[in-house]
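The values are calculated or read from the model by the stated rules, or taken from the named source; none is laboratory data. Predicted, not measured: the structure shown is a model, and the values here were computed from it. Virtual Cβ from ideal backbone geometry, glycine too; neighbours counted across all protein chains shown. When the accessible area is computed, the model is the full protein with side chains, heavy atoms only, and any ligands, DNA or RNA have been set aside. Shrake-Rupley method; radii C 1.70, N 1.55, O 1.52, S 1.80 Å.
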Amino acid sequence: MTIGGVRCLLTTVMLVVTTGGLWGAPADATVAPAETTAVSFASVVPAPVLATPAGGVTYRITATTKIYAEPGSTAVADIAEQFAAVLRRSTGYPMPVVDAPSATPADGIALLLSGAPTGIGSEGYQLDVIDVSIAVRANAPAGLFAGVQTLRQLLPPAADSATVQPGPWDVAGGRIIDQPRFAHRGAMLDVARHFLPMSVVKRYIDEIALYKVNRLHLHLSDDQGWRIAVNNWPDLAIYGGSTEVGGGAGGYYTQDEFRQLVAYAAARYVMIVPEIDMPGHTNAALASYADLNCDGVAPKLYTGTKVGFSSLCVGKEITYTFIDQVLGELAALTTGPYLHIGGDEASSTTAADYATFMNRAQQIVAAHGKTVVGWHDIVNASVLPSTVAQFWGTTTSNAAVATAAQHGTKVIMSPANHAYLDMKYNSRTRLGQRWAGYIDVQDAYGWDPGAYLAGVGETSVLGVEAPLWTETIETLADVEYMAFPRLPAIAELGWSPASTHDWASFQQRLGAQGPRWRVMGINYYHSTQVSWPTGS
Ligand code: TNX
């Protein structure tokens, strides 16, 4: 793929943006030249399977442009409305969403569930930009959503502004045919160490969806806090959720709020994977209910950052009543197939107790009709055939994980020294930790999920995930600073064919995202490894 430069259309015009709200840029931001220029067809992240620019062809969105949606599909109408909402804010145009006619529309932007190659599956899409129209075609709504994310990147970055901009709104012509390499392209937010409010989680969902990330794993409990209301065990949230690292006020999601998050994510083709970490990382639960402790004595709430000191009481029957009720309520709240039961760093649980506990916990998840995900330590128990192991190690070989993979266990790849968004970029990074090493963008990008862990080949890999642990992370700005630009690197490893892997190309394409992030008010880290356009 060749990387085209951007054409400067409005180099002399500086526009003042005054924005606020979800996508708001800082009030004093000015739109720099790079934000008002046409975007090269070859600056898409993640890299598409096949991109064929049509030189000299341009489609222009105008005040009369319509969005045509596949008739009879509320899912497609919803995708069209979301796209229209983005464009209405920045263009000021009405952008009506109407039913597509039976023949291919001769104008406007069409989102169609017909005419896509069958081989691209349910998340693939075909995007055709010609001088008079744009068509996104897919076999299922998820593919149309992915295609629209690509189309958003082909628009001038100012199209993501929260206030009306002058345009013009040109899209370079050509064809993209695209589909994901892996089914699981995840991000993880630890809302336990520091509680993150609904608004932050929603904004992060918006941001990850732009890069075709389709899973948000929420780490809902840990030693420092319990973040989801459980009707049968109300003190978990009320007391166990009442603090966080550093002793702040903490917080928790009500069940209604959690359902809202699940629906908000689903509308952006992101599946929520909730985690209740066990048998370790459970001080907040143990502090909330004395009966859960082997000695019947509740420990104090904990606001430090140590790991590995707590354990549920493996020998007590109430432990299993507890996890059955907690996981039962969580299963009912979650539309996706997965419940993550943690299982990492259980250093206060004996190996035998760990296996006993994790075996029973897996059966309980199965009884609630869900599939288990666990941190890769779970392979030390007897994994169910469907159990998914999430690798978080820092080595390229792990005998137990390889043996499990040979027996059919699927693995999510989150190697801490490449995929952990809470690691510092370098010694000068204020936020984050360094136990897995410094991770600048090239380290985040420089590995192959399908050939990384010895004995765990492409077909054993369900996908990738970028966890953001929050011992040092407190605000949306902190989350964004650590996730951008590394999250898009992990997203590309999950989506793009291995054959597109190329640092020189990637860092150029990543740089092209900078002006858009600036317009959107994303607080990203300006890594010196990336060529950011002037003004971003
Ligand atoms: C290890 S990795 C953890 C978390 C910490 C993280 C900090 C894993 C499964 N557990 O408990 O938050 O390191 O980087």
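In percent, what relative contact order does the chain have, based on Cα pairs under 8 Å that are 6 or more apart in sequence?
Numbers: 1278 pairs, mean separation 78.8, N = 536.
With pairs under 8 Å counted, the relative contact order is 15 percent.
Order these peptides, 346-354, 95-103, 45-53, 272-280, by their mean beta-carbon neighbour count within 10 angstrom, highest first. Mind dumping the intermediate values first?
On the way: 346-354: 16.7, 95-103: 14.4, 45-53: 20.1, 272-280: 25.7.
Top to bottom by mean Cβ count within 10 Å: 272-280, 45-53, 346-354, 95-103.
How far, in nm, would the chain grow between Ser102 and Arg360 when pulled straight, counting 0.36 nm per residue and subtracting the alpha carbon separation?
Numbers: separation 258, 0.36 × 258 = 92.88 nm, distance 5.42 nm.
Full extension of this stretch gives 87.5 nm more.
State which helices in the chain qualify, where a helix is a whole DSSP H run, it must extend 18 Å or more along its own axis by its Cα atoms, and its mean Kyte-Doolittle hydropathy must be at least -1.0.
Details: long enough: 74-91 (25 Å, 0.38); 141-154 (20 Å, 0.53); 317-333 (25 Å, 0.82); 351-367 (24 Å, 0.22).
What comes out of the filter, once short or polar helices are dropped, is 74-91, 141-154, 317-333, 351-367.
Averaged per residue, what accessible area in Å² does the chain show with a 1.4 Å probe, protein chains only?
On the way: 18380 Å² over 536 residues.
The answer is 34 Å² per residue.
Please compute the volume of the convex hull spanned by the alpha-carbon atoms of segment 301-395 and report it per residue in Å³.
Details: hull volume 12.0 nm³, N = 95.
Normalising the Cα hull of segment 301-395 by residue number yields 126 Å³.
I'd like the Kirkwood hydrodynamic radius of the chain, using the inverse of the mean 1/r over distinct C-alpha pairs, in Å. Write out the running numbers ahead of the final one.
On the way: mean 1/r = 0.0418 Å⁻¹.
For the chain, inverting the mean 1/r across all distinct Cα pairs yields 23.9 Å.
Where does the Debye-calculated log10 I(q)/I(0) of segment 110-240 sit at q = 0.09, 0.11, 0.12, 0.22 Å⁻¹, using only Cα point scatterers of equal weight, no solvent?
-0.41, -0.57, -0.64, -1.23
May I ask you to compute the full-extension gain from Ser397 to Ser382, defined as 0.36 nm times their residue separation minus their alpha-carbon distance, rounded to one decimal in nm? Let's see the in-between values first.
Values: separation 15, 0.36 × 15 = 5.40 nm, distance 2.01 nm.
Once the chain is fully extended between Ser397 and Ser382, it gains 3.4 nm.
What does the charge count near His184 come to, summing +1 for each Lys or Arg and -1 for each Asp or Glu among other residues with Cβ under 9 Å from its Cβ?
On the way: positive: Arg185, Arg215, Lys410; negative: Glu465.
Net charge in that neighbourhood comes out at +2.
I need the calculated FRET efficiency for the pair Thr305 and Val164, taking r as the beta carbon distance and R₀ as 35 Å, to the nearest 0.05.
On the way: r = 45 Å, r/R0 = 1.30.
In this case the efficiency is close to 0.15.
Give the carbon-plus-sulfur fraction of the accessible surface of segment 184-495 in %, rounded to a whole number; probe 1.4 Å, heavy atoms of protein chains only.
Details: 5220 of 9840 Å².
Carbon and sulfur together cover 53 percent of it.
Which net charge results for the neighbourhood of Ile439, defined as the other residues with beta-carbon distances under 14 angstrom from its beta-carbon, given Lys and Arg at +1 and Asp and Glu at -1?
Working: positive: Lys424, Arg428, Arg434, Arg486; negative: Asp422, Asp440, Asp443.
The answer is +1.
Out of the trypsin sites (Lys or Arg not before Pro) in segment 291-343, which ones are loop residues according to DSSP with at most 13 other C-beta atoms within 10 Å?
Values: sites: Lys300, Lys306, Lys316; in loops: Lys300, Lys306, Lys316.
Filter output for segment 291-343: Lys300, Lys306.
Please work out, to two decimal places, the log10 of the ratio I(q)/I(0) at q = 0.13 Å⁻¹ from a Debye calculation in which every Cα of segment 384-536 carries one identical scatterer.
Debye intensities relative to I(0), on a log10 scale: -0.61.
Restricted to Cα positions, what overall size does segment 193-292 have along the principal axes? Three whole-Å values, descending.
If we take the Cα atoms of segment 193-292, the spans are 43, 28, 22 Å.
Quick one: grab the alpha carbon gyration tensor of segment 184-495, order the square roots of its eigenvalues as a ≥ b ≥ c, and give me rounded if a/c is under 1.5, else prolate or oblate depending on whether a/b is larger than b/c.
Judged from the Cα gyration tensor, segment 184-495 comes out rounded (a/c under 1.5).
Quick check on packing: order 200-206, 254-260 by the mean number of other C-beta atoms within 10 Å, highest mean leading.
On the way: 200-206: 19.3, 254-260: 15.1.
Packing proxy ranking, top to bottom: 200-206, 254-260.
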